[in-house]
Structures are given as structure tokens and as C-alpha cells.
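Here the structure is laid out as C-alpha cells; the discussion comes afterwards.
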Amino acid sequence: MGLQISIRESADVTILDLRGRATIGVDSDLLSGQLEDLVASGVRKLLLNLADVTQLDSSGISAVTGTHVSLARQGGTLKLLRPRGRVRTVLRVIRLLDIIPAFEDETQALASFRPQGYSARP
């Protein structure tokens with residue numbers, strides 16, 4: 001299965017739900033293009049949901065790391081949600097999980113984008 005991307009928002013965080021393979025060729029080009037477009041349009045808080053990504057190669061990793069660097073330079077943040085199986089193994093082996101925060105729970109991931117000491121009031 002090729003890569004499918006759906007985009008949703010939670011407050012000021014843009015969430016990309018990825019499904020399939022982010023590998024060299026059309027799939028990684030789609031991912032790179034989508035990430036570049038979001039950053040160019042002013043998105044500064046980005047959460048990549050990797051729960052349904054089955055494969056991630058060097059070109060997919062390049063798209064993620066490039067976006068992480070680009071956002072960091074602009075005061076933004078990229079975080080990962082639910083990397084699984086081989087994808088998690090690859091991210092751990094190349095030590096990307098030491099650089100880009102990863103979460104298993106979406107609520108915790110979203111909360112991590114808020115300033116420390118912030119509490120929502122009803």
C-alpha cells in the first residue's frame with residue numbers, strides 16, 4: 001500500500017495521520033511535499049501519527065528530520081505519535097527517538113505542546 005495522509009487539527013497542533021509505507025519514490029515525495037507545504041503555510045506545531053506506517057526508509061526519515069530541523073529554526077516543534085514495529089526499531093537504531101520526542105498517547109502528546117504550567121480553565 002502506498003502512503004496515505006490525512007490532516008486534522010487539535011487547537012493549534014496540526015496532526016498528520018500517516019498510513020502505509022513512507023519509502024523512496026512517490027510515497028516519500030508525497031510526505032516531503034505535504035510537510036514542506038504545512039511549514040510554508042505557517043504550521044509550527046506538528047504531530048506525526050505513525051501508528052499505521054508499516055515501513056520507513058531513508059527517504060521517509062529524511063523528510064521527517066528535514067521538517068524537524070526546519071521547524072526548530074522557526075521556533076516550531078515536530079513530535080511523533082505511536083511509532084510501531086519495524087518503524088520504531090529503525091527510529092531507535094538511528095537514534096532519532098533521542099532527538100524527536102515520541103509518545104504513545106495522543107492526549108499526552110498534545111499536552112506536551114502547551115507551555116509548562118499551562119492549565120485549561122473551563
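The values are calculated or read from the model by the stated rules, or taken from the named source; none is laboratory data. What you see is a predicted model; the values in this text were computed from it and never measured. Cβ coordinates were reconstructed from backbone atoms using ideal geometry, including for glycine residues, and neighbour counts include every protein chain displayed. Quick note on the areas: whole protein, heavy atoms, side chains included, nothing else; ligands and nucleic acids left out. Shrake-Rupley method; radii C 1.70, N 1.55, O 1.52, S 1.80 Å.
Summary table below
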| item | result |
| --- | --- |
| Loop-exposed trypsin sites (Lys or Arg not before Pro) per DSSP, neighbour cap 15 Cβ within 10 angstrom, longest uninterrupted part of the chain | 1-83 |
| Of the chymotrypsin sites (Phe, Trp or Tyr not before Pro) in region 22-122, those whose Cβ has at most 10 other Cβ within 10 Å and which sit in DSSP loop | Tyr118 |
| MRE, 222 nm, helices only [DSSP H, n ≥ 4, -39500 (n - 2.57), over the chain, to nearest 500] | -11500 deg cm²/dmol |
| Whole-number percent relative contact order across the chain, with pairs defined as alpha carbons under 8 Å at least 6 apart | 23 percent |
| Distance between modelled label sites at Arg86 and Ala72, nm, 7 Å Cα→Cβ extension | 2.8 nm |
| Probe 1.4 Å, protein heavy atoms only - accessible area per residue of the chain in square angstrom | 56 Å² |
| Directionally averaged shadow of region 1-108, computed from the convex hull of its alpha-carbon atoms, nm² | 6.1 nm² |
| With DNA, RNA and ligands ignored, accessible area of Val90 (1.4 Å probe; Å², nearest 10) | 50 Å² |
| Cβ charges +1 (Lys, Arg) and -1 (Asp, Glu), total dipole of the chain, debye | 360 debye |
| Under 5 Å, built H, 5+ apart or other chain: amide partners of Thr77 | Lys45, Leu46 |
| Accessible carbon and sulfur surface of region 21-122 relative to its total accessible area, %, 1.4 Å | 51 percent |
| Projected label distance in nm at Leu97 and Met1, using a 7 Å step from Cα toward the beta-carbon | 2.3 nm |
| For region 28-80: span of alpha carbons on each principal axis (Å, largest first) | 30, 19, 15 |
